[in-house]
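The values are calculated or read from the model by the stated rules, or taken from the named source; none is laboratory data. Computed from a predicted structure; not experimentally measured. As a convention, Cβ positions derive from the backbone with ideal geometry for all residues, glycine included, and neighbour counts pool all protein chains shown. Keep in mind that these areas ignore ligands, DNA and RNA; they rest on the heavy atoms of the full protein, side chains included. Shrake-Rupley method; radii C 1.70, N 1.55, O 1.52, S 1.80 Å.
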Amino acid sequence: MTIRFALCAGETSGDQLGAGLISELRKRFPDAEFAGIGGDGMRSAGLDAWFDASELAVMGLAEVLAHLPRLLRLRRTFRQRVLDWKPDVFIGIDAPDFNLGVERWLKQRGVRTVHDVSPSVWAWRESRAARIGASADRVLCLFPMEPPIYARHGVDATFIGHPMADAIALQPDHQAARAVLGESDDAPILALLPGSRLSEIERMLPVFLEAASRLGNDIPGLRVLVPAANVQCHVAIERIAAGNPALRILDGDAQRAMIASDVVLLASGTAALEAMLCKRPIVVGHRIAPLTYLIVKLFGLLKSEFVSLPNVLAGERVIPELLQDECTADNLHTALLHWFRDADAAAALQPRFLAIHETLRRDASARAADAVASLLQPAA
């Protein structure tokens with residue numbers, strides 16, 4: 001009997017996770033069939049893509065509302081097709097707004113379900129864990145603090161490690177990254193990452209640039225590398241940063257820019273985890289819309305003491321987080337200058353970051369495949 005896996009990934013990162021998972025599942029089940037929603041990576045790994053992942057890649061409240069009728073039609077069509085196909089397991093990869101509803105519907109009809117990449121229940125509304133458990137027979141977690149949260153709500157969750165920790169070397173080659181980028185071995189370099197969405201760039205880049213300009217007065221010859229996630233981001237960065245001779249905009253290459261840098265200034269998010277895995281001193285600066293911040297504070301929605309993953313994973317403040325009113329050019333400049341001038345403090349981060357890296361480096365795709373495979377009945 002041929003084993004069937006239905007999968008759904010909704011963006012580039014999910015497609016990469018799905019491709020790795022399919023490859024590992026095929027090692028365990030060579031004759032298995034894979035179908036669902038995915039991108040180029042999942043197709044290359046063997047997915048029969050009924051729909052492309054780009055159809056789910058909608059960001060921002062206004063954009064979601066504009067596309068909502070289409071997304072609801074797609075979800076109805078997709079979940080029925082999955083049910084008719086009779087998979088042994090359905091795997092929703094990230095994209096919780098879409099996948100959890102599909103998973104819940106399928107689970108109620110007897111399909112075993114897995115949600116790959118837990119939403120951030122450690123930071124926002126832990127009570128969601130129980131609702132996620134109503135959708136997924138098993139939740140795959142990228143971070144070690146997540147399964148105990150699910151356990152408190154009676155939900156089966158497994159720590160698989162983080163694929164980024166598998167992909168990044170434990171000791172990244174600082175000089176090689178500089179050589180590839182054409183930067184000199186001894187120039188002081190700041191990697192500046194204001195975000196990958198246009199709204200983030202508009203909000204964060206001006207204050208980041210002001211801090212970098214002040215830093216340049218203290219650090220002779222400072223180079224500033226700004227990776228742009230796409231063409232639209234490149235245009236926005238170029239417009240906001242016009243006329244800055246020390247600034248170099250890169251097309252992509254964010255990880256290489258981090259490795260090549262001496263210090264990284266970034267908005268909070270996955271980039272903070274990536275910079276930590278690259279073993280770079282980090283300053284986090286972030287602002288959200290004032291109304292959103294007011295709602296978060298008023299209703300106590302943020303449960304974690306910290307917002308950046310290096311601090312969350314360390315269990316203490318190892319890097320500065322300058323948020324909302326604290327995110328000023330003066331404060332960012334002071335925090336950046338500390339890392340540039342205090343070599344001992346910067347060096348002390350290395351063993352902390354390495355220990356966290358080793359904790360997360362677990363061959364995530366293989367562990368995810370094992371967790372999915374164990375849901376199958378022995379006779380399958």
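Points worth noting:
Let's see how each residue does on (1) modelled with pLDDT under 95; (2) not in a strand (DSSP E or B):
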| position | (1), (2) |
| --- | --- |
| 284 | no, no |
| 295 | yes, yes |
| 338 | no, yes |
| 353 | no, yes |
| 371 | no, yes |
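- Residues that are under 24 Å from residue 178 (Cβ atoms), assigned to a helix (DSSP H, G or I), among the aliphatic types (A, V, I, L, M) and out of contact with any strand residue (DSSP E or B) (no Cβ under 6 Å at 6 or more places or on another chain), drawn from segment 215-245: 215
- Cross-chain or 6+ apart pairs with Cβ under 7 Å, segment 121-150 first and among the basic types (Lys, Arg), then at pLDDT below 95 and open to solvent by 40 Å² or more (accessible area, probe 1.4 Å): 125/301
- The single condition from (1) without any contact (Cβ under 8 Å) to a residue 40 or more places away in the chain; (2) within 22 Å of the chain's Cα centre (by Cα) that residue 71 fails is (2).
- Residues that are in a helix (DSSP H, G or I), of a type in the set (A, V, I, L, M) and either free of Cβ contacts under 8 Å to residues at least 60 places away in the same chain or open to solvent by 20 Å² or more (accessible area, probe 1.4 Å) (or both), drawn from segment 320-336: 335
- The set of residues from segment 181-197 being farther than 14 Å from residue 286 by Cα, buried (at least 17 other Cβ atoms within 10 Å of the Cβ) and aliphatic (A, V, I, L, M) comprises 181, 189, 190, 191.
- Among residues of segment 167-182, those that are out of contact with any helix residue (DSSP H, G or I) (no Cβ under 6 Å at 6 or more places or on another chain) and among the charged types (D, E, K, R), counted: 1
- If you go through segment 253-269 and keep only what is farther than 17 Å from residue 189 by Cβ and either free of Cβ contacts under 8 Å to residues at least 40 places away in the same chain or open to solvent by 10 Å² or more (accessible area, probe 1.4 Å) (or both), you end up with 268, 269.
- Qualifying residue in segment 196-214 (condition: part of a loop (DSSP other than H, G, I, E, B) and at pLDDT 90 or above): no
- Restricting segment 150-180 to residues that are crowded, with 19+ Cβ neighbours inside 10 Å and of a type in the set (A, V, I, L, M) leaves a set whose member that is nearest to residue 227 (Cα to Cα) is 177.
- Checking residue 317 against (1) open to solvent by less than 40 Å² (accessible area, probe 1.4 Å); (2) in a loop (DSSP other than H, G, I, E, B), the condition it does not meet: (1)
- Output for segment 208-251, where each listed residue is under 18 Å from residue 197 (Cα atoms) and open to solvent by 60 Å² or more (accessible area, probe 1.4 Å): 229, 230, 231, 232, 235, 238, 239, 251
- Residue that is most open to solvent (accessible area, probe 1.4 Å), among those in segment 78-129 that are at pLDDT 95 or above and basic (Lys, Arg): 86
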